[in-house]
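The next block holds one structure in the form of structure tokens; read it before the comments.
The values are calculated or read from the model by the stated rules, or taken from the named source; none is laboratory data. Just so it is clear, the model here is predicted, and its values are computed rather than measured. Glycine gets a Cβ as well: all are built from the backbone with ideal geometry, and neighbour counts include every protein chain shown. The area values use the complete protein model at the heavy-atom level, side chains included, leaving out ligands, DNA and RNA. Shrake-Rupley method; radii C 1.70, N 1.55, O 1.52, S 1.80 Å.
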Amino acid sequence: HGVAADLGPSVLPAMAFAQLPTLQELDSMDPEEAAGVKAMIADSNGLTLEEVEEALVTFKGVSNMGYVDLDAVSTHEGFEFAGELTEDETALAESGVKRIKASGKSGVVNMVEFLSVWAVRGQSAPEDPGRSQQSLPPDELSQQSVDRPVQEDDPEEQGAEEEDQAASVADGALVEVYRAHMQSANRKCNVLVEQSLDVPSGQLLSLIAPGNHPRVFNLRLEDQDVSIIMTTLEPVYHSLAKIDLSYNKVGNAGAQALAKGCTMATRLHTLMLRCNDIGQEGCDALCKTLRDCHSLRKLDFAQNPLGKLGGLSIAELLQVSVTLQELAMEDAQIDVDALIAVVSVLHVSNQSLKMVNLGNPRLFSQQEEHTTHIARMLRVNTGLTEVFLPKMRIRDTGMEVIVSYLLENKTLRVLDLRCNEIGWQGGKLLGVLLGTDCQLMRLNVSSNRIGEHQEVEGTRAISKALLHNRMLVHLDMNHNQLCDQALLELASAVDANGTLESVALFHNGWGQAASVAFHRILGDRSRVFAIKADFQTYEVDQEIFVCQTQSESRPVSAYNVDPPVPRLHVQESVLKMGRA
């Protein structure tokens, strides 16, 4: 605590948050050591010890395997706490939930990001009696005060305009205007759009109308619908905070209509357009508009035919954006040139982005030049904490380059390498990475070839690294053709590792030896924290069988909007062996 005080507030947060212990580690500390950690958090964020205690108790009550879904906390009344809280802690957590709802923040955050949100809420801002009762988080208020030019308007005209806009929302005029426009265009109204428009006065407006919702599954929005919606929202553009039109039929014309509306949406923090039909022209129009949107935090262009020019437009947006934190552009049909352009911007100029998904670009080269650019970016970019690289055609030679540069990265927490071509040699390189001072907390290498042809060396290297690794909490090695011996090696490592919380291994070649080993581990009551897995073991006639399960408490990814589907079936190979 004394050393932290000497560093000053500008250096302390990065250092303190990078080494922040988990709640379990904090509870197991000595009272004096725990008090020192809490004091360090309080000093670095300008909070009191009581506020820090309230934040930690709230995180304990609402977190799900180390993550908090702020949208679920903010939208559900009578939120049920997941953690085991005492009566006093429950009162603190209820107070904390009220502060989260008032913050207006959204998304899935870890403990570090949760404390950052709490720190922002802890700061007080002077009240302006001339403003309306609409509230924003202090960070967005400060950003708008810097980026928005001061206009000397006539006070009477400005007051009349605000009264008209407030009256339109209070009287439910937006819904009536929307219905009138849709009726004149001979189109059916979307019930989700009507719900989004029906908001009480003084609240921010969120346009949430995903096309995969059961109520509108056969009534997905098209370009004409989007144009009508944006025309309806014209009087209240300033109150628009979130737009989610995923899984619809929005094309270039609809994207251009959105772009016109976003020019005046000064409070927009989330734009989700996943799985539409937006091409190069629509993406370019949106990106040009979003350059001046200084409140934008999350952008989702995944599963749209953006093409090369669309990818280059996103790269230009990243060059000037200093507030964007999450970017999803997987399955966007970008080519290697656009991919390298985006990666180069993240390498040179952008350090504000925290999560990026670049999966499944259109790659036709066998030389893996894109892998070299990605590795160089990961070496120097200290802002990214979550990187998703599925279907990037990464092989063992590419893993050698990536691991050599990742050894110098101490800020990356989530790495997704699923659906690549990583073999047993790439598995050995991952073992080298995990065996060093690696800060990864979640690693996904599913659907690769680490155990191809009964190979065990790659899995053995990862298992040896897990014996000493104290950071990794989740490991996914499904669909890697792991044999029974390879799974047995992993069982020994999982049994000895005290920090690993969950594993995903069901889709591999299970034998009786590995089944028995994991049957003992999953039933071990002496572990401080039970291992969560995507499978269960059970005994029938002195034979151990394995069946697949999907835990309800699985942590939700920040970019995955599809709900988990529960499954339960027995591993076929184990059934055959048991019958024999």
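The residues of segment 376-405 that are of a type outside the set (Val, Ile, Thr), within 25 Å of residue 479 (Cα to Cα) and surrounded by fewer than 21 Cβ atoms within 10 Å (Cβ to Cβ), listed by number, are 390, 391, 393, 395, 396, 400. Total residues in segment 1-39 satisfying the condition of being open to solvent by less than 80 Å² (accessible area, probe 1.4 Å), closer than 26 Å to residue 498 by Cα and at pLDDT 75 or above: the figure is 6. Evaluated against (1) out of contact with any Cys (no Cβ under 8 Å at 6 or more places or on another chain); (2) within 30 Å of residue 202 (Cβ to Cβ), residue 286 falls short on exactly one condition, (1).
For residue 435, the criteria (1) under 19 Å from residue 402 (Cα atoms); (2) out of contact with any helix residue (DSSP H, G or I) (no Cβ under 6 Å at 6 or more places or on another chain); (3) open to solvent by 20 Å² or more (accessible area, probe 1.4 Å) hold in every case but one, which is (2).
Among the residues of segment 435-456, not a single one is among the charged types (D, E, K, R), closer than 17 Å to residue 466 by Cα, touching a Gly at 6+ places or on another chain (Cβ under 9 Å) and not in a strand (DSSP E or B).
Within segment 464-482, if we keep just the residues that are in a loop (DSSP other than H, G, I, E, B) and in contact (Cβ under 8 Å) with a residue 40 or more places away in the chain, the residue that is nearest to residue 513 (Cα to Cα) turns out to be 478. Scanning segment 249-292 for residues that are open to solvent by 10 Å² or more (accessible area, probe 1.4 Å), closer than 20 Å to residue 174 by Cβ and either of a type in the set (Gly, Ala, Ser) or at pLDDT 95 or above (or both) gives a single hit, 257.
It is to be established whether one or more residues within segment 438-445 are open to solvent by 60 Å² or more (accessible area, probe 1.4 Å), closer than 18 Å to residue 385 by Cβ and charged (D, E, K, R). If you could, list the steps in order and put the result at the bottom.
Restricting attention to segment 438-445, the residues satisfying the condition of being open to solvent by 60 Å² or more (accessible area, probe 1.4 Å) are 441.
Those left that are additionally closer than 18 Å to residue 385 by Cβ: 441.
Keeping just the survivors that are charged (D, E, K, R) gives none.
Looking for residues that are open to solvent by 60 Å² or more (accessible area, probe 1.4 Å), closer than 18 Å to residue 385 by Cβ and charged (D, E, K, R), one finds none in segment 438-445, hence no.
For segment 187-202, filtered to residues that are open to solvent by less than 40 Å² (accessible area, probe 1.4 Å) and of a type in the set (S, T, N, Q), the residue that is farthest from the chain's Cα centre (by Cα) is 190.
May I ask you to verify whether residue 392 is without any contact (Cβ under 8 Å) to a residue 60 or more places away in the chain, touching a His at 6+ places or on another chain (Cβ under 9 Å), more than 15 Å from residue 443 (Cα to Cα) and not in a helix (DSSP H, G or I)? Give the derivation first.
Values: without any contact (Cβ under 8 Å) to a residue 60 or more places away in the chain: yes; touching a His at 6+ places or on another chain (Cβ under 9 Å): yes; more than 15 Å from residue 443 (Cα to Cα): yes; not in a helix (DSSP H, G or I): yes.
The answer is yes for residue 392.
Any residue in segment 422-432 that is of a type in the set (D, E, K, R) and under 24 Å from residue 355 (Cβ atoms)? No, there is no match, as no residue in segment 422-432 is of a type in the set (D, E, K, R) and under 24 Å from residue 355 (Cβ atoms). I'm trying to understand the selection: among the residues of segment 483-502, which are within 29 Å of the chain's Cα centre (by Cα) and part of a loop (DSSP other than H, G, I, E, B)? Of everything in segment 483-502, those that are within 29 Å of the chain's Cα centre (by Cα) and part of a loop (DSSP other than H, G, I, E, B) turn out to be 497, 498, 499, 500, 501. Report, by residue number, each residue of segment 310-323 that is surrounded by fewer than 21 Cβ atoms within 10 Å (Cβ to Cβ) and closer than 17 Å to residue 259 by Cα. Once the filter is applied, which keeps residues that are surrounded by fewer than 21 Cβ atoms within 10 Å (Cβ to Cβ) and closer than 17 Å to residue 259 by Cα, segment 310-323 yields only 316. For segment 203-224, a tally of residues being part of a helix (DSSP H, G or I) and either open to solvent by 10 Å² or more (accessible area, probe 1.4 Å) or in contact with a Phe, Trp or Tyr (Cβ under 9 Å, 6 or more places away or on another chain) (or both) returns 4. Looking across segment 240-281, the residues that are of a type in the set (Ser, Thr, Tyr) and under 14 Å from residue 297 (Cα atoms) come down to 266, 270.
Do we have residue 352 as touching a Ser or Thr at 6+ places or on another chain (Cβ under 7 Å), more than 14 Å from residue 412 (Cβ to Cβ) and not in a helix (DSSP H, G or I) here? Reasoning before the result, please.
Numbers: touching a Ser or Thr at 6+ places or on another chain (Cβ under 7 Å): yes; more than 14 Å from residue 412 (Cβ to Cβ): yes; not in a helix (DSSP H, G or I): yes.
Judged against the criteria, residue 352 is a match.
Going by what's in this entry, would residue 471 be described as surrounded by fewer than 19 Cβ atoms within 10 Å (Cβ to Cβ), of a type in the set (A, V, I, L, M) and within 25 Å of the chain's Cα centre (by Cα)? For residue 471, the condition - surrounded by fewer than 19 Cβ atoms within 10 Å (Cβ to Cβ), of a type in the set (A, V, I, L, M) and within 25 Å of the chain's Cα centre (by Cα) - is met.
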